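Below is one structure, written out as structure tokens; the observations come after it.
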Amino acid sequence: MKGMKKLAWLGVLLVLPVLAQATTTTFSALTVRELGNFLTTLPQDFYGIQPAAAKQMMDTLDVFILDVREPSEFKDGRIPGAVNIPIRDLPKRIGELPKNKPIIIYCGIGHRGAMGLVLLRGLGYNVKSILGGYKAWTGANLPVEK
């Protein structure tokens, strides 16, 4: 629950600057309405998933595992099968993501993963973010590869 609250606050903090800029930058009413709709329809879990539940999902479904950490972090260890697209590169590499399968996104502790989740959800992807990121994954003694 604590992780979900952090994820929710992070989502709000990510969206607030965009909304604040709306007064000085020309945003369409549609964009503001879409952002508002996203925030008001967030599910109870805020699209977050605990590491053990993510592992179970990976074991039972065909999922795309997206690591949005920096390449040096990825090289030091990752969730098996993960594809590395650093968060700064995600907008220009969207075409590499599957639209037809669930995506599990993660980063080091959850912040960059939450940013990616907001972007991908806004674009219509079926995505969940591992609460606590790679740190929580390794803390749960789940498999990693180097």
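Any read-out appearing in this document is the output of simple, stated calculations on the displayed coordinates, not a laboratory observation. All figures in this text were calculated on a predicted structure; none of them were measured in a lab. Glycine gets a Cβ as well: all are built from the backbone with ideal geometry, and neighbour counts include every protein chain shown.
With a simple spin-label model that places each label point 7 Å from the Cα along the Cα-to-Cβ direction, the separation between Ile109 and Glu34 comes to 3.2 nm.
Of all aspartates and glutamates in the structure, not one lies under 14 Å Cα to Cα from Lys92 without also being fewer than 8 positions from it along the same chain.
Our coupling estimate for region 124-135, obtained by passing each phi through the Karplus curve with A = 6.51, B = -1.76, C = 1.60 and θ = phi - 60°, is x, 6, 8, 9, 10, 10, 5, 5, x, x, 4, 4 Hz, Gly and Pro reported as x.
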